[in-house]
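One structure is given here, and the rest of the page talks about it.
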Amino acid sequence: MNQNHSISLILEVIASLDKMFKQIYEKKGDKRKTILLLGNTGSGKSTIFNWLSGAKFKYEDEKLTLIEEQGKNYSKQGDSMESITFEPNFNMIDEEYMLIDFPGFKDTQGAKNQLAIQLMFNEVVTSTEVKLVVVTEQPQGKIPQRGARILELVQNTFTSKDTKFESIGYIINKFGDKKFKDDEIAKGFIKKQLEEIHQTQEENKDVYRALQQNIIIVRKPTLSNLIFNDEQRKSLFDLLKQIKPITYQPDKVDQDQIVSNYIANTLNQLFFQFRKSLSKQKDDAKKNNTTNQFNNTLQEILKQIGQIKYKDQQCVLEWMSKHILLNIQNEDSTAKFLQIFRFFFKYQANIEGFQAFQENILEVKQTVESIIQEIQAEIQRINDEEERYRRQKEEENRKHRQYMEQLRRDQAEEQRRRREEIQQRREEEQRKEEERKKQQQKMEQELKEKKARELEQQRKKEETERQMQEQRIKQQQEEQRIKQQQEQQRQRQQEKNSYICKLENYKKQLLQKKQQKAKYIESQSGVFMAVIGGDWKETYNKNIQNYDSDIGEFQNQVDYIERQLLNYY
């Protein structure tokens with residue numbers, strides 16, 4: 001099988017499994033349990049799967065036929081001994097359990113299907129709590145071949161020696177032995193046979209002991225006894241839920257070494273190119289005199305190799321991306337390799353090809369260490385030459401320093417003389433500047449004093465004007481106050497005179513009303529006094545009340561005005 005064909009086959013397997021895993025996890029969700037159906041071709045395993053998945057059947061011409069339903073996920077059924085199931089089928093039986101119809105490993109055709117089925121199986125049994133159910137066709141009570149085919153089926157499926165079986169569901173399908181009309185008696189007979197086999201096969205005792213724990217009889221359907229009904233389905237499902245889960249650690253993934261060979265060959269090629277590139281970089285470093293920088297690069301590579309965590313996919317991929325993947329010229333080839341490498345990384349313990357990574361890393365480490373030794377020897381040679389050159393240069397520098405020292409002393413003496421001259425000139429200029437500043441300060445002081453005197457005179461003048469202004473304002477305010485008092489007195493006198501006038505007027509009106517009342521009383525005294533009551537008396541009383549009301553009102557006004565006049569005295 002050439003490289004391109006292997007890549008295509010592996011990528012097809014990955015695509016198929018990604019789709020299948022997605023479907024399973026969409027149905028399974030979190031913390032679900034799985035019932036795994038295994039059975040050789042012709043055992044009726046797919047029929048059991050369809051029945052548990054809720055399928056309906058009809059029995060015609062001594063043949064059980066599946067009634068297809070739209071939207072239902074059923075497995076194909078056949079009567080021949082040729083397998084028609086090449087990939088798992090799965091359904092959720094309730095909120096907790098997923099049921100999987102798994103093809104036998106010997107039933108798959110071709111390396112592609114074999115690889116896909118093995119990976120699918122490993123994923124299921126390691127990611128969920130799996131309860132194993134073996135389905136066999138057994139019309140008679142006698143176990144055929146002393147259970148050899150059952151043992152072979154289990155061992156071909158669970159290859160790891162670390163697998164632990166506490167119980168296995170053992171469905172005896174199409175059972176029709178007329179000697180055992182009672183299922184419990186049939187179970188006891190079969191259990192006894194398993195116990196006998198268990199006693200004679202010490203190396204397989206766990207499998208036969210597990211098969212004894214959950215024996216389930218499914219009788220052959222007849223026209224009068226069509227057992228595939230809802231009640232029997234629920235009963236069978238309840239029995240399957242009682243099976244204890246298995247413990248399994250996969251030890252086989254790539255039986256035909258397709259993935260292993262591809263990964264090993266690719267890694268070997270990449271690492272070969274990487275080691276080759278290191279040799280070229282070494283030669284370039286010698287040519288360009290950059291051996292120290294290259295030595296640092298190699299030391300960093302050694303450090304990174306020591307930090308590789310071989311079980312950490314991200315760590316491994318980061319190292320490869322920095323170093324060996326750069327040697328793949330085709331981006332499409334890089335993408336395909338990374339896709340395959342990532343997908344199968346979790347199975348690295350069971351794929352020999354992944355060991356090539358560690359083996360090549362060790363070779364790279366040895367290559368790097370060898371190059372470092374060679375470079376360090378070259379660096380030492382260069383350092384020796386540099387040391388001889390340094391000493392020669394040092395002697396030349398010593399003589400040059402002596403010359404320069406004498407020159408420096410001469411220059412220092414000349415500079416000292418010049419500094420003294422400059423200092424003397426500076427001191428003279430400083431003295432003159434100080435005298436000029438003193439003279440300027442004196443003039444500024446005199447000017448300040450003059451301005452101060454002028455400001456004081458101006459201030460006194462302004463103060464005098466301010467006082468005079470305040471005096472004029474006070475005088476005006478006093479005149480205004482006197483005018484206001486006079487005006488208030490005039491107004492009060494007017495108000496007083498107005499009240500006096502009103503008082504005299506109200507008193508006059510009050511006197512008139514009293515006189516009118518007296519006159520009215522006197523005028524009515526000559527009327528027939530003998531008449532008591534009647535219209536005359538009512539009119540008389542009403543008029544007297546009117547006079548009293550007017551007199552009271554005028555009296556109130558007189559009293560009010562007299563009270564107001566008290567405020568003016």
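The values are calculated or read from the model by the stated rules, or taken from the named source; none is laboratory data. Bear in mind that the values here come from a model prediction, so they are computed numbers and not experimental data. Glycine also receives a Cβ, built like all others from the backbone with ideal geometry; neighbour counts cover every protein chain displayed. Surface accessibility is based on the protein's heavy atoms, side chains included, excluding ligands, DNA and RNA. Shrake-Rupley method; radii C 1.70, N 1.55, O 1.52, S 1.80 Å.
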> Taking I301, is it part of a helix (DSSP H, G or I), of a type outside the set (F, W, Y), in contact with a His (Cβ under 8 Å, 6 or more places away or on another chain) and within 19 Å of S277 (Cα to Cα)?
Replying inline: yes
> Of the residues that make up the stretch 204-222, is at least one modelled with pLDDT under 85, buried (at least 16 other Cβ atoms within 10 Å of the Cβ), β-branched (V, I, T) and under 30 Å from G353 (Cβ atoms)?
Replying inline: no
> Within the stretch 235-261, how many residues are surrounded by 15 or more Cβ atoms within 10 Å (Cβ to Cβ), of a type outside the set (D, E, K, R), modelled with pLDDT of 85 or more and not in a helix (DSSP H, G or I)?
Replying inline: 2
> Any idea how many residues of the stretch 360-385 are more than 21 Å from D283 (Cα to Cα) and either among the aliphatic types (A, V, I, L, M) or open to solvent by 40 Å² or more (accessible area, probe 1.4 Å) (or both)?
Replying inline: 2
>> Go through (1) in contact (Cβ under 8 Å) with a residue 24 or more places away in the chain; (2) open to solvent by less than 30 Å² (accessible area, probe 1.4 Å); (3) within 35 Å of the chain's Cα centre (by Cα) for Q313 and report which single condition fails.
In response: (2)
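I'd like the full set of residues that are of a type in the set (D, E, K, R) and over 17 Å from L17 (Cα atoms), limited to the stretch 322-353. Talk me through it step by step, then tell me what you get.
As a first pass, look at the stretch 322-353 and keep what is of a type in the set (D, E, K, R): 322, 331-332, 336, 342, 346, 352.
Correct list: K322, E331, D332, E352.
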> Looking at the stretch 145-172, which of its residues are modelled with pLDDT under 85, open to solvent by less than 70 Å² (accessible area, probe 1.4 Å) and closer than 22 Å to G42 by Cα?
Replying inline: G147, A148, I150, L151, L153, V154, N156, T157, F158
